[in-house]
Amino acid sequence: MIITETRLKGAYIIDIERREDSRGFFARAFCQREFRAFGLNPVIAQANIASNVRRGTLRGMHFQFPPAAETKLVRCTRGAIVDIIVDLRPESPTYLQHVAVELNETNQRALYVPERFAHGYQTLVDNTDTSYQVGEFYAPEAESGLMYNDPRLGLTWPLPVSVISEKDQHFRLLNEVEPELKGRMELAGIEG
């Protein structure tokens with residue numbers, strides 16, 4: 001695996017190293033030892049898949065508050081997506097900054113999303129599937145999100161939104177939730 005840190009500390013792009021022959025290719029997509037060597041959380045509590053029928057489908061911007069904050073390893077297994085993550089760590093010099101990465105069935109690239117980041121993606125083609133390995137169990141009481149089109153986040157989605165869940169349409173704007181968000185995401189509250 002080729003592990004490259006993004007400009008957001010702790011967030012990594014994971015590229016595979018293909019071993020090709022007449023059958024196709026073989027590659028390692030996950031290794032606990034390599035993750036540990038880069039300081040990534042190698043724990044997988046759950047593995048999830050999502051199937052998206054229509055181009056322009058948007059899922060996000062999701063996260064879980066501590067103590068149930070999640071790491072995610074996201075890969076597009078069919079089709080293509082633009083995956084966007086937002087740093088929600090109040091102590092971080094990149095607080096509220098984001099990175100967008102195209103993941104598709106050809107590049108087989110994955111995005112490692114650290115704890116205390118919001119995550120979302122938009123499909124670029126019909127019939128797109130994604131796979132997530134998640135480092136914490138789903139906890140409905142800790143689940144939250146931000147509006148995908150919040151002007152303060154400044155996220156640019158490549159296509160008009162064609163499909164979005166009712167829940168994702170009704171997350172509140174950052175200006176309304178930032179004091180709570182900062183309080184629940186602070187390191188002091190996590191470590192204490």
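Of all residues in region 153-183, those that are farther than 22 Å from residue 69 by Cβ, assigned to a loop (DSSP other than H, G, I, E, B) and of a type in the set (A, V, I, L, M) total 3. Just one of the listed residues (138, 112, 148) is touching a strand residue (DSSP E or B) at 6+ places or on another chain (Cβ under 7 Å), aromatic (Phe, Trp, Tyr), under 20 Å from residue 29 (Cβ atoms) and touching a residue at least 60 places away in the same chain (Cβ under 8 Å), namely 112.
If you check 50, 11, 69 for being surrounded by fewer than 19 Cβ atoms within 10 Å (Cβ to Cβ), modelled with pLDDT of 95 or more and of a type in the set (A, V, I, L, M), only one passes: 50.
Checked against (1) within 25 Å of residue 9 (Cβ to Cβ); (2) in a strand (DSSP E or B); (3) in contact with a helix residue (DSSP H, G or I) (Cβ under 8 Å, 6 or more places away or on another chain); (4) open to solvent by less than 10 Å² (accessible area, probe 1.4 Å), residue 150 meets all criteria but (2).
For region 14-33, filtered to residues that are in a strand (DSSP E or B) and either within 15 Å of residue 107 (Cα to Cα) or not charged (D, E, K, R) (or both), the residue that is least open to solvent (accessible area, probe 1.4 Å) is 14.
Which count do you get for residues in region 77-106 that are within 18 Å of residue 13 (Cβ to Cβ) and open to solvent by less than 40 Å² (accessible area, probe 1.4 Å)? Qualifying residue count for the region: 13. For region 4-13, a residue qualifies if it is closer than 19 Å to residue 104 by Cβ and in contact (Cβ under 8 Å) with a residue 12 or more places away in the chain, and the qualifying residues are 6, 11, 12, 13.
Of the set (1) at pLDDT below 95; (2) exposed (fewer than 12 other Cβ atoms within 10 Å of the Cβ), all apply to residue 1 but (2).
In this structure, residue 131 does satisfy being of a type in the set (S, T, N, Q), farther than 23 Å from residue 169 by Cβ and either in a strand (DSSP E or B) or touching a Pro at 6+ places or on another chain (Cβ under 8 Å) (or both). Of all residues being touching a strand residue (DSSP E or B) at 6+ places or on another chain (Cβ under 6 Å) and not in a strand (DSSP E or B) in region 53-64, which is surrounded by the fewest Cβ atoms within 10 Å (Cβ to Cβ)? Just the residue, please. Ranking the qualifying residues of region 53-64, first place goes to 54.
The values are calculated or read from the model by the stated rules, or taken from the named source; none is laboratory data. Note that the coordinates shown come from a computational prediction; the quantities given were computed from them, not determined experimentally. Heads up, the Cβs are rebuilt from the backbone with ideal geometry, glycines too, and the neighbour counts pull from every protein chain shown. We work out accessible area using only protein heavy atoms, side chains counted, and drop any ligands, DNA or RNA first. Shrake-Rupley method; radii C 1.70, N 1.55, O 1.52, S 1.80 Å.
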